[in-house]
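Scroll down for the structure; my scribbles are underneath it.
The values are calculated or read from the model by the stated rules, or taken from the named source; none is laboratory data. Since this is a predicted model, take the numbers as computed values, not measurements. Neighbour counts are summed over all protein chains in view; Cβ atoms, including those assigned to glycine, are modelled from backbone coordinates with ideal geometry. All accessible areas refer to the heavy atoms of the entire protein, side chains included, with ligands and DNA or RNA removed. Shrake-Rupley method; radii C 1.70, N 1.55, O 1.52, S 1.80 Å.
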Amino acid sequence: MAPHWWALRVIQAFEDRIIAVILRQPGFHRAVGRIHRTIHERRHGRNPHEPLAPGEATADPASTGRHHTFLRHFWQELKNQFLGRPTDLPGNKPPR
C-alpha cells in the first residue's frame with residue numbers, strides 16, 4: 001500500500017479516541033452552548049427571564065452594533081482604496 005493509505009489508517013485508528021477526548025472537555029460544551037444560545041436568540045428573540053448583561057439596560061437600542069460600524073468603516077475604506085483616495089491620517093504617528 002501507498003504511504004498515504006497507512007497514514008489514513010493511523011488517523012482512523014485514533015479518531016474515536018480524539019473525539020472522546022474532545023467531548024470530555026467542558027470548554028467544548030460551553031462553546032457549543034454559546035453558539036446554540038446565539039442562534040436561538042437571533043431566531044426567536046431574547047429570553048425575557050434571563051438577567052440583563054452588564055450595560056445592556058443602558059444601551060441605546062436604536063444604535064447599530066460595533067460589528068456593523070466596523071463593517072461600514074471597512075467597506076468605505078475599501079472603496080477609498082479602489083478609487084485611489086488615500087485616507088487622511090492624523091499628524092502624529094502611533095507609538096511603536
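Points to keep in mind about this one:
- Residue check for ILE18: surrounded by 10 or more Cβ atoms within 10 Å (Cβ to Cβ), at pLDDT 90 or above and not in a loop (DSSP other than H, G, I, E, B): no
- Taken over segment 24-33, the residue count meeting the criterion of being in a helix (DSSP H, G or I) and surrounded by 10 or more Cβ atoms within 10 Å (Cβ to Cβ) is 6.
- Among the residues of segment 53-66, none qualifies, meaning not one is open to solvent by 100 Å² or more (accessible area, probe 1.4 Å) and modelled with pLDDT of 90 or more.
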